[in-house]
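Here the structure is laid out as structure tokens; the discussion comes afterwards.
Read-outs: derived from the displayed coordinates by stated rules, not from any lab. Since the structure is predicted, the reported quantities are computational estimates derived from the model, not experimental observations. Here the Cβ positions follow ideal geometry from the backbone for every residue, glycine too, while neighbour counts run over all protein chains shown.
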Amino acid sequence: MATSAERMGSLREQERRGLRSFTIGVSEDDLRMIAEHGYEGAASTDQDQQAQAVSLFITDMLAAPIGQGNGVTTVATPFQ
């Protein structure tokens with residue numbers, strides 16, 4: 001577990017580098033679909049493995065050329 005000073009140092013470093021973090025909601029159906037697309041960690045019961053699989057999935061989808069036919073549909077939903 002990180003100390004308060006370590007967390008603050010990490011936040012300052014992220015800010016210095018211009019990094020942003022955000023939270024997304026992922027359902028069990030979403031995790032199953034992500035696992036079916038080859039990101040096996042999404043099917044794990046370990047939340048860290050799930051988070052890594054979802055992060056890699058999102059990164060790969062953003063890097064894929066538009067119209068590549070990867071079978072994945074993106075839908076934007078409003079923040080609540």
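Annotations for the structure displayed:
- Exposure proxy ranking for 34, 58, 24, based on other Cβ atoms within 10 angstrom of each Cβ and starting from the fewest, stands as 24, 58, 34.
- Summarising the label geometry, the points placed 7 Å from Cα in the beta-carbon direction at residue 12 and residue 46 lie 3.3 nm from one another.
- Efficiency of FRET from Cβ geometry, residue 22 and residue 60, R₀ 22 Å, rounded to 0.05: 0.80
- Count Lys and Arg as plus one, Asp and Glu as minus one, and take only other residues whose Cβ is under 13 Å from that of residue 19; the net charge is then +2.
- Taking 31, 56, 19 and counting other C-beta atoms within 10 Å, the order from fewest to most: 19, 56, 31
- The length gained on full extension between residue 29 and residue 1, counted as 0.36 nm times the residue separation minus their Cα-Cα distance, comes to 7.0 nm.
- For region 10-67, trypsin sites (Lys or Arg not before Pro) are listed when DSSP marks them as loop and at most 11 other Cβ atoms sit within 10 Å of their Cβ; the list is 20.
- A compact globular protein would have a Cα radius of gyration near 2.2 N^0.38 Å; the ratio found for region 23-63 is 1.01.
- The charge dipole of region 23-63, taken about the Cα centre with unit charges on the Cβ atoms of Lys, Arg (+1) and Asp, Glu (-1), comes to about 100 debye, rounded to the nearest 20.
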